[in-house]
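What follows is a set of notes on a single structure, which appears directly below.
The values are calculated or read from the model by the stated rules, or taken from the named source; none is laboratory data. Bear in mind that the values here come from a model prediction, so they are computed numbers and not experimental data. As a convention, Cβ positions derive from the backbone with ideal geometry for all residues, glycine included, and neighbour counts pool all protein chains shown. With ligands, DNA and RNA removed, areas are computed over all heavy atoms of the protein, side chains included. Shrake-Rupley method; radii C 1.70, N 1.55, O 1.52, S 1.80 Å.
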Amino acid sequence: MKAMKLELGCGNNAREMPDYENICIDVIKTPIVTLVSNLGFDSSWTYKYENSVDLVNCYDFLEHIPKQVYLPQYQWNEEKSEWDFFNNVSFKTIYPFVTLMNDIWKVLKHKGILYIETPNSEQAYLRDPTHCNRITEDVWHYFQKDDNLYFSTGLIKCNFELVKNEFRKYKWTDKDIMCTTLKAIKEDTKSEKVLI
């Protein structure tokens, strides 16, 4: 049986790996996309793959997932039998980037690998008008159970160990692209109980 690899945000450019069952997930259907999902906003795709994935790849993808979004919550006007778009509007805050990191952790096996490439230099990040999430070198500690501010609140549920963070040149500097490898930790090393 082959190991399972998910590539998120693959578009038309999936990186097939011969020793893996390759599954491509994106927001838009292309000839190579296996599953269409609004990643970061819809977690329904995770139930099919929960605790079964060996490797998740995200190439030039996470910088397109917003960190924070405010969604209007409209009220139904009973008297007029219509939505009230102008009065009594409240806003719900959602965190698509955090949601996606939680979702990725959910589908990975214990010690499964998340490999990420994101633009790092000013030129690499700012050249694309659809980039909305600047991923920094030290953001990963927020996704470790022992060193994040939001684990106890339940916002961040994942627990990743940073394996490696390195950089490579694209066009402008030696640090154009940040290449990050994270390992999903799902078992308590002391008691070997699953955290899920």
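For the stretch 60-91, the set of chymotrypsin sites (Phe, Trp or Tyr not before Pro) satisfying both a DSSP loop assignment and a count of at most 15 other C-beta atoms within 10 Å is given as Tyr74, Phe85, Phe86. The DSSP beta bridges internal to the chain are antiparallel in roughly 60% of cases.
Ellipticity at 222 nm from helices only: DSSP H runs of n ≥ 4 in the chain, each -39500 (n - 2.57), divided by the residue count, give -2500 deg cm²/dmol. How far, in degrees from 0 to 90, does helix 96-107 lean away from the longest principal axis of the Cα atoms of the chain, to the nearest 10? Helix 96-107 and the main axis of the chain meet at about 50 degrees.
Surface calculation, 1.4 Å probe, protein heavy atoms: Leu162 sits at approximately 70 Å² accessible.
Which entries in Lys111/Lys175; Lys92/Lys186; Lys2/Lys106; Lys29/Lys186; Lys111/Lys171 show an alpha-carbon gap greater than 26 Å? Don't skip to the answer; put the middle values down first.
Values: Lys111/Lys175 28 Å; Lys92/Lys186 30 Å; Lys2/Lys106 20 Å; Lys29/Lys186 32 Å; Lys111/Lys171 33 Å.
Exceeds cut-off: Lys111/Lys175; Lys92/Lys186; Lys29/Lys186; Lys111/Lys171.
Checking every one of the trypsin sites (Lys or Arg not before Pro) in the stretch 52-130 against DSSP loop status and a limit of 15 other Cβ atoms within 10 Å picks out Lys67, Lys80, Arg127. Each Cα pair under 8 Å and six or more residues apart adds its separation to the average, and for the stretch 43-174 the resulting relative contact order is 29 percent. Here the stretch 6-66 is treated with +1 on each Lys and Arg Cβ and -1 on each Asp and Glu Cβ, and its dipole about the Cα centre works out to around 200 debye.
Once you reduce the stretch 1-79 and the stretch 81-141 to the center of their Cα atoms, the two points are 12 Å from each other. Charge dipole of the chain (Cα centre as origin; +1 on each Lys and Arg Cβ, -1 on each Asp and Glu Cβ, all else neutral): 380 debye, rounded to the nearest 20.
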